[in-house]
Amino acid sequence: MPTVGVLRLHNTASMELFSIGYITAIAAASGCDIQRSRTDDDSIDVYLSSRQPGRPRIDFQVKATTTIADTRSGAMSFPFRLKSKNYNDLRLMEADFMVPRLLIVLLMPERTVDWIEHGDRHALLRHNSYYLNLAGLPALSGNTHTVQVPWANGFTVESLRSLMNFVAVNKVLP
């Protein structure tokens with residue numbers, strides 16, 4: 001019987017699917033709904049909404065990288081290179097949109113076999129994701145721009161609930 005090789009997605013496609021799955025897991029544990037954008041014309045990959053009073057919603061551009069190690073070494077943030085189109089779309093103020101927007105950056109291990117660990121009683125997703133609000137930053141030209149993503153802005157169940165609560169009351173992001 002002939003051996004069939006494993007068909008693989010291109011690594012960037014696999015990273016995109018993993019990052020959406022990671023965000024979906026956080027949304028589910030937070031009690032939020034997630035919808036995936038059909039097009040990426042406006043630099044929005046997914047939007048999350050909550051059924052709490054005010055029905056808050058936040059739009060997200062999701063990026064994943066294997067090139068940034070979580071080596072904090074006293075730094076308050078890590079650099080992330082973003083296409084200028086995405087930067088300029090995300091930096092627009094809430095006055096320009098009805099729904100606030102954030103960038104999420106997922107830091108991932110380089111080897112796909114390290115992305116998920118399975119045990120008898122757990123599944124562990126690696127590594128962590130962080131968010132950045134670019135609203136109000138100046139417009140930039142060029143192909144790319146490096147932003148500083150704060151280590152303190154971990155995208156977690158607790159932080160998503162907090163962001164949703166803030167948007168429900170204030171209609172903008174902190």
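The values are calculated or read from the model by the stated rules, or taken from the named source; none is laboratory data. A quick note: this is a predicted structure, and the numbers were derived from the prediction, not measured. Please note: Cβ atoms are built from the backbone with ideal geometry, for glycine as well, and neighbour counts cover all protein chains shown.
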note = In segment 77-133, residues that are modelled with pLDDT of 90 or more, small (Gly, Ala, Ser) and within 25 Å of residue 11 (Cβ to Cβ) total 2
inquiry  = Just to confirm my filter: which strands (runs of 3 or more DSSP E) fall fully inside segment 25-120 and include at least 2 residues that are touching a residue at least 60 places away in the same chain (Cβ under 8 Å)?
reply    = 46-50, 57-65, 77-83, 101-107
ask   = So residue 131 clears everything in (1) over 30 Å from residue 169 (Cα atoms); (2) part of a strand (DSSP E or B) except one condition, right? Which one?
value = (1)
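Answer with yes or no whether residue 141 is part of a loop (DSSP other than H, G, I, E, B), without any contact (Cβ under 8 Å) to a residue 60 or more places away in the chain and among the polar types (S, T, N, Q).
yes
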ask   = When segment 50-82 is examined, which residues are found to be in contact with a strand residue (DSSP E or B) (Cβ under 9 Å, 6 or more places away or on another chain), surrounded by fewer than 18 Cβ atoms within 10 Å (Cβ to Cβ) and under 18 Å from residue 97 (Cβ atoms)?
value = 55
ask   = From the residues in segment 147-174 that are modelled with pLDDT of 95 or more and of a type in the set (Val, Ile, Thr), which one is surrounded by the most Cβ atoms within 10 Å (Cβ to Cβ)?
value = 149
task = Could you grab me the full set of residues in segment 73-93 that are under 16 Å from the mean Cα position of the chain (by Cα) and not polar (S, T, N, Q)?
result = 78, 79, 80, 81, 82, 83, 87, 89, 90, 91
request  = Could you list, in sequence order, all residues of segment 88-119 that are crowded, with 19+ Cβ neighbours inside 10 Å and among the basic types (Lys, Arg)?
outcome  = 91, 101
